[in-house]
Each structure stands twice: as C-alpha cells, then as structure tokens.
C-alpha cells in the first residue's frame with residue numbers, strides 16, 4: 001500500500017483510520033525538517049517504534065525530574081542489570097527504585113504521550129512502509145508489550161486538540177513567561193495536585209513555558225493545560241513587558257543566562273527596551289558562545305544606532321562583530337559601507353574601508369557573488385575614483401559576469417588613468433586588450449600608435465641624458481672605486497665570526513660565510529687568507545665526522561644489547577605463560593621487555609613488538625590479573641555484607657574464569673554445611 005502525504009493537508013487521525021480499516025501491518029514514518037518519529041501498526045493496535053537507547057533514558061529523566069526516583073539510583077540500577085544480567089526494570093526495583101509494574105506503567109505513559117504529540121505536528125510529512133518492522137538508516141525497535149487501541153488514541157487526541165484551542169487563548173506560545181499573581185502564602189498548596197504543584201513551583205516570572213516543560217519532564221500539552229488552569233484560577237498571570245528586562249538582568253546576574261536571554265528576546269519581540277535590548281541580548285549570547293545568534297542581535301543594535309544618527313556607536317558595534325566572527329560577510333559589508341559614509345567617525349576607530357572592501361571583494365568574487373562584489377567596488381570608487389586596483393577588480397567582476405561592453409569601458413578608464421600618471425606602456429597594454437576584443441576600434445589603434453611615438457621620444461631623451469651622465473660619473477668614480485671596494489672587503493672579513501656555527505657543528509654554515517665573502521669580493525686582496533680559513537674548517541669537519549662515526553658504532557652496539565635483552569625477556573614470558581605456572585613472573589618479564597623496546601625506540605623495535613603481539617599480550621595479561629582482583633573485591637564485599645551465598649557464587653566464578661591467577665590458587669570461599677538432623681558440630685583439622 002503506497003501511502004504517503006503531508007500532514008498539513010491530511011489529518012493524522014484519517015491516516016490512522018485508513019490503516020486500521022484496511023488492517024495494514026507496517027511502519028508509519030512521520031518526519032519534519034528537524035524531527036522524526038515512527039509508529040508500528042498490526043492487528044493488535046499501534047505502538048511506538050522507538051530508539052532502545054535514547055527513549056528509556058528519556059523515561060528515566062522524567063522519573064528523576066518528577067521525583068519518582070533519586071538520580072543516583074539510575075547508574076546503580078544500570079550496574080546491577082549489567083552485573084546480574086537481568087532486565088533493567090527488575091534491576092531498578094532491586095536497588096530500591098520503582099517496582100517493575102510502576103516503571104512499565106510510566107514507560108507506557110511516555111510512549112503514549114509521544115504518540116499524542118504527533119497529532120499536533122502540522123509541518124510534517126508521512127510515509128507508510130507496509131510489512132516493515134524496521135527502517136533502513138533508522139535505529140529503532142518494537143516492544144511487543146506495549147500496544148494501544150487506535151480508536152482510543154484518536155478520541156483522546158481529538159479531545160486534547162479541542163482543549164488546545166482553548167489553551168491557546170490563555171497562552172499564545174512556548175516563549176510566554178508567567179509570574180505568580182498572588183503571594184505564595186495566600187495559596188492553599190494542599191488543593192493542588194502533584195503536577196500542578198510542580199509546575200506552579202517553577203513559575204517565577206523568569207522561565208518560559210518551554211523551559212518549564214524541559215525542567216518538569218511533563219508533556220508540553222499537560223504543562224500548557226496546567227498553566228492555563230492556574231491562570232483561570234487567578235494564581236498566575238502573563239508577565240508584563242515592563243518587567244521583562246529587569247527580570248532578565250536578574251537572571252543573567254544569577255548565572256541563569258539562557259533564562260535571561262529568553263526574557264530579553266520576548267521583550268524585544270514585544271517592542272520593549274529599544275535598541276539597548278538587542279545589545280544586552282547579543283552580549284548574553286556571546287557569553288555562552290552562541291555567536292551566530294549574538295551576531296543577529298549586534299546587527300539589530302547597529303541598525304537602530306544608524307537610525308538614531310549614532311554612526312560611531314554603530315561602527316564600533318560592527319567592528320567588534322567582524323572581529324568576533326570574521327566569516328560574517330554581511331557584517332563586514334555593513335562595516336565597509338558605513339565607514340565610507342561616516343567620515344571622521346571611521347578614522348577615530350582606525351578603520352580603513354578601502355582595505356577592508358578589497359578583502360571583501362576578493363571573497364565575493366571567489367564565491368561568485370558578482371552583484372555583491374560590484375556593489376562594494378562601486379561604493380569604494382565613489383570615495384577613491386582613481387584607485388587602479390579597484391577598477392581592475394571591477395574588470396574582473398564584469399569579465400566573469402560576461403559583460404564585455406562594460407569591460408571595454410573600464411579598460412579605457414584604466415588607460416586614461418595610467419596616461420595621467422605618465423605610465424604610457426601600462427596604458428598601451430590596456431588599449432591592446434580592447435583591440436583583442438574589438439578589432440574594429442580604429443580610434444584605439446590610432447591612440448596606441450601615438451602613445452608608442454610619445455614613449456619612444458621620451459626614451460630617446462632619457463638614453464641621451466643617461467649616457468652623458470654615465471661618462472662623467474665613470475671618469476670621476478673609477479679612481480676611488482677600488483679603494484672603497486677593498487675597505488668594504490676588509491671590514492666584511494673582520495665581521496666574519498664562524499664560532500657559533502662551529503659550536504653547533506654547522507661546518508657548511510661556517511664555510512658558507514667565507515664562500516659568500518669570496519663571491520661578494522672576488523677582486524679583494526684577502527682571497528688567499530680566506531681560502532686558508534676554509535681549509536681549516538674542512539679539516540675540523542673531517543675530524544668531527546670520524547668522532548661521530550665512533551659514537552654511532554657505540555650506540556649501535558648498545559642498541560643490539562637491548563634488543564637481545566628484550567627478546568630474551570619475551571621468550572621468558574612465553575615459557576612462563578605457556579604452562580601458566582607463574583603469571584606474575586610472566587607479567588614482570590613482559591613489562592621489562594616492553595620497557596626495553598621503548599628505550600630502543602626505533603621503528604624496527606616497534607615493528608618487532610607489533611609482530612609478536614607484545615603490547616596486546618601485556619594488555620591482556622594485565623586485564624586478566626586485574627579482572628581476578630576486581631572479582632575478589634566483589635566477593636569480599638559480599639562477605640562483609642553477610643551475603644555468603646553470593647560470595648560463594650563469586651568465588652566459584654573466580655575459580656572458573658581466573659583459575660590460573662595467583663589469587664585463585666590461594667582463594668578461600670565460604671562453605672555452608674547443612675546437617676540432618678540439625679545441630680551437628682563441625683570440626684576442622686581433625
């Protein structure tokens with residue numbers, strides 16, 4: 001049966017009825033953009049297809065939040081279930097929690113609430129998988145103990161939805177904040193049931209309805225219904241907008257930052273607090289590292305500051321935001337545009353809109369956001385119209401966008417700007433690019449010819465003047481040049497200090513000092529002295545290499561001894577471990593072998609250890625002996641408690657599982673003697 005659709009157009013109750021009437025068996029998958037849930041239908045009714053790990057945890061969390069069990073009982077029950085290999089409900093009862101019947105009742109109730117919650121999903125889709133008991137890629141199980149009557153579910157869901165329409169007239173949504181309407185001393189708490197009392201206790205003018213749902217662990221429907229009833233009874237009321245900001249500040253001061261944020265956002269949505277409310281909200285989000293949400297409120301605050309004419313404060317806020325989140329391109333763009341229009345305010349904050357704008361342009365071009373890049377460039381050009389780099393960036397943008405006509409116009413602008421700067425060859429380069437695109441531009445060809453002629457005349461003048469100056473200077477300089485050259489060479493030789501290189505045995509570096517001198521001053525009279533110094537360095541290098549070879553041989557010999565030792569120790573471990581007569585001695589030999597392998601520290605040593613399984617053997621042997629010790633501790637604990645039968649069982653388990661451990665060989669276990677008739681005396685040792 002191909003059944004799929006949208007809950008916005010098909011009511012879930014109708015889907016239930018179709019499946020039940022047609023006696024279908026399979027899984028109904030219901031999913032939205034951020035949630036997924038599944039139900040299983042067969043002839044027995046409908047049940048929840050649930051995650052076997054997360055759903056029981058939700059049940060336990062509910063029991064803890066509602067005070068049905070103590071929080072420290074949960075890990076105890078899990079340990080008991082694991083140790084005794086029994087079902088968790090039985091373990092919970094054994095450690096002093098709920099009875100199995102009570103736990104399963106709560107489990108069933110939570111499962112039923114999960115199903116009822118689905119009837120309120122509207123922005124979701126569904127699909128029925130006939131004959132399936134599991135879904136690919138989705139972890140879930142079906143508990144045969146929990147099946148519900150579909151008709152009962154539909155009727156209860158319909159009743160709740162009718163109530164929900166009334167509840168919404170009292171409480172508009174989960175972001176509402178309620179506050180006590182009367183003094184607590186005036187309330188007769190005995191008239192309130194446990195759920196109402198739990199909910200009422202959390203109404204403090206600071207928590208949202210959503211937060212109360214999270215803390216109590218009750219279903220959203222029951223929390224909303226309880227709060228609506230309390231409103232009708234005059235015990236609580238919706239918090240007034242004028243109190244929200246003050247309560248938010250108190251929450252943040254108390255460390256309840258998320259509650260404070262909820263209050264601030266609710267106040268902002270109601271138009272309370274002005275621009276400062278966004279600043280406070282942003283700072284609160286920043287304090288808990290919710291940077292994306294902080295960014296949104298910093299932007300709101302900056303926009304409000306701009307509207308109030310406080311450009312400097314807006315710039316300061318945007319600058320901080322960009323430093324906080326460098327990847328927030330919207331904030332960077334706002335900062336650039338505002339800096340361009342703010343004049344002196346931007347300079348006070350040491351902002352360079354041109355440099356920041358260029359960086360932003362590069363990012364937009366790389367992202368192929370050409371329109372945004374063009375907008376930034378054009379705004380920057382209004383401030384700096386002759387900036388060649390900005391014009392080039394605009395060329396790149398229009399080239400990638402395929403706007404050839406605009407590219408040609410920009411090439412002409414670049415050429416004119418370069419001519420104005422006396423860079424004729426640069427201008428010619430851009431005019432030639434125009435001709436490559438449009439060969440019919442005779443005016444451009446003529447302009448190129450004229451520029452070449454101007455450039456050639458300018459070069460001829462420069463060459464003549466340069467040659468004349470060169471002859472005059474050459475005749476005057478040759479006499480003093482060599483003297484100056486030799487003085488520099490001798491000063492450079494005096495500055496050569498090979499000692500630091502020789503101390504760290506960097507003979508190539510030391511020799512390089514002298515070789516650099518020879519390359520730099522090939523005509524110096526100091527060449528012979530420098531070559532002698534080089535020979536001394538090479539002699540020292542050869543002597544050092546001989547010493548290093550001797551030291552290396554000594555290291556290799558020591559390494560060989562260690563390798564022989566750790567292999568011998570490993571063989572000793574194998575001999576002791578083979579017949580298991582001395583596991584402690586085997587462990588000592590294996591640990592010493594591992595220590596020597598680590599000391600040797602070469603890849604081949606670690607490869608040997610891996611090949612013989614040294615590390616795994618060490619880990620397993622330690623675990624075996626450790627396991628025996630832990631089992632003995634459990635047995636001793638039973639003995640201390642007087643639980644001799646459990647101690648006897650634990651002792652037998654030690655003898656069976658850890659029979660080769662030294663502890664097992666000397667283990668004493670309790671023995672119960674039953675005589676018939678009773679009253680016999682037991683003698684030990686004869």
- Over the C-alpha atoms of the chain, what are the Rg and the largest Cα-to-Cα span, Dmax, in Å? 42.9, 138
- Message: At 0.36 nm per residue, and after removing the present C-alpha to C-alpha distance, how many nm does the segment from residue 44 to residue 675 gain when stretched out fully?
- Response: 221.7 nm
- Item | Label-reachable residues, the stretch 606-631, where backbone N falls under 18 Å from a point 7 Å from residue 580's Cα toward its Cβ | 617-631
- Query: What nm value, rounded to one decimal, do you get for the distance between residue 109 and residue 641 when each label is placed 7 Å out toward the C-beta?
  - Reply: 3.0 nm
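Counting pairs of alpha carbon atoms under 8 Å apart in space and at least six apart in sequence, what relative contact order in percent does the stretch 406-504 give?
On the way: 37 pairs, mean separation 17.1, N = 99.
So the answer I get is 17 percent.
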- Task: Run the numbers on the chain and let me know its relative contact order in percent, using alpha-carbon pairs under 8 Å that are six or more apart.
- Result: 6 percent
- Which of 93, 114 comes first, and how do the rest follow, when ranked by fewest Cβ neighbours within 10 Å? 114, 93
- Neighbouring Cβ atoms within 10 Å as the yardstick, rank 396, 169, 226 fewest first. 169, 396, 226
- Task: Please work out the FRET efficiency for the pair residue 443 and residue 516, using the Cβ-Cβ distance as r and a Förster radius of 51 Å; give the result to the nearest 0.05.
- Result: 0.35
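Test of understanding: what is the full-extension gain from residue 70 to residue 156, defined as 0.36 nm times their sequence separation minus their Cα-Cα distance?
On the way: separation 86, 0.36 × 86 = 30.96 nm, distance 3.17 nm.
That works out to 27.8 nm of additional length.
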- Added length on full extension, which subtracts the Cα-Cα distance from 0.36 nm per residue, residue 344 to residue 86: 85.3 nm
- List 502, 475 from most exposed to least, where exposure is judged by having the fewest other Cβ atoms within 10 Å. 475, 502
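With contacts defined as alpha carbon pairs under 8 Å and 6 or more residues apart, what's the relative contact order of the stretch 514-612 in percent? Spell out each step's value before the answer.
Values: 49 pairs, mean separation 20.1, N = 99.
Taking the mean separation of contacting Cα pairs over the length of the stretch 514-612, I get 20 percent.
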- Simple spin-label estimate for residue 11 and residue 120 in nanometres, 7 Å along Cα-Cβ: 1.8 nm
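With each run of n ≥ 4 DSSP H residues scored as -39500 (n - 2.57), what mean residue ellipticity at 222 nm is computed for the chain after dividing by its residue count and rounding to the nearest 500 deg cm²/dmol? Could you put the intermediate results ahead of the total?
Details: 30 runs with 474 residues, N = 686.
Mean residue ellipticity at 222 nm (helix-derived): -23000 deg cm²/dmol.
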- Query: Label residue 249 and residue 179 with points 7 Å out from Cα along Cα→Cβ: what is the distance between them in nm?
  - Reply: 1.4 nm
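With r defined as the distance between the Cβ atoms of residue 320 and residue 169 and R0 fixed at 51 Å, what FRET efficiency is calculated, to the nearest 0.05? Provide the component values of the computation, followed by the final result.
Details: r = 43 Å, r/R0 = 0.85.
E between residue 320 and residue 169, to the nearest 0.05, is 0.75.
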- Could you compute the FRET efficiency for residue 615 and residue 330, with r as their C-beta to C-beta distance and R0 at 60 Å, rounded to 0.05? 0.65
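Rule-based calculations on the coordinates, nothing more; no lab input. This is a predicted model, so every value here is computed, not measured. All Cβ positions, even for glycine, are placed from backbone atoms using ideal geometry, and neighbour counts span all protein chains on display.
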